[in-house]
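Read through the structure below, which is laid out as structure tokens, and then see the notes.
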């Protein structure tokens, strides 16, 4: 098993990509902490993993709050005795619309969930990684940070920040044997934010328009994203840090 004896915290793991990552990591032997702000959804994923023979616990966490991060890392250590991997998957977006119509509150929310959460994850997980002699962050960014679509400017820029933040963290934390990488998924209609990205309902016409921008001819799935995160979290990627994997069917080429 590729993550045997490792313990992974996964944020936004109550649905979508996060749930896929949590289940895939558990299949590969990891002890998984399902972190989410939605308690019923997060508990459901943790229970599904446990019922399937995996090891998982649910911990409520608002990733924009430092105290919640402190509680999350502490709960992980209490449940499993250690923490080896943090997957920053939780994300948010404003609805697709002109830049001038994005409110200040929407801007603040997007940057708090998408960017501040990465900062807080390091503030609270890095000391544990240092004590253990190393660790790994996997940050879920987006193709939007590389090839932005109109109408999502604030969201796009937040994901660009995640990409650069990940690279700079990798350079700074390397001497502590801490690796930092990110994964850039392309649009998926299977996530809770898909209607926001589309600016409304995911109609057949909207699906066709998004699909036309992906050369491989299909959308990304939770399993696609989970497998990329799995590689980066595993010892197979022991020399990989400061890198981004586009899970995008050549969208960004």
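None of the figures in this text is laboratory data; all of them are computed from the coordinates on show. As the structure is a prediction and not an experimental result, all values here were calculated from the model. Cβ atoms come from the backbone with ideal geometry, glycine included; neighbour counts cover every protein chain shown.
What the table shows:
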item	result
Candidates 180, 87, 154: whichever shows maximal mean-square fluctuation once the chain is modelled as a Gaussian network with Cα springs under 10 Å	154
Neighbour-count order for 129, 107, fewest beta carbons within 10 angstrom listed first	107, 129
Geometric extent, Cα atoms of region 7-247 - Rg, Dmax (angstrom)	17.0, 52
0 to 90° range, to nearest 10: angle between helix 39-51 axis and the chain longest Cα axis	60
Most mobile of 50, 15, 158 in a GNM of the chain (Cα contacts under 10 Å)	50
Distance cut-off 23 Å, percentage of C-alpha pairs in region 141-253 lying past it	32
Fewest-first ranking of 1, 169, using other Cβ atoms within 10 Å as the exposure measure	1, 169
Cα-based Rg and Dmax for region 1-115, where Dmax is the largest Cα-Cα distance (Å)	15.2, 50
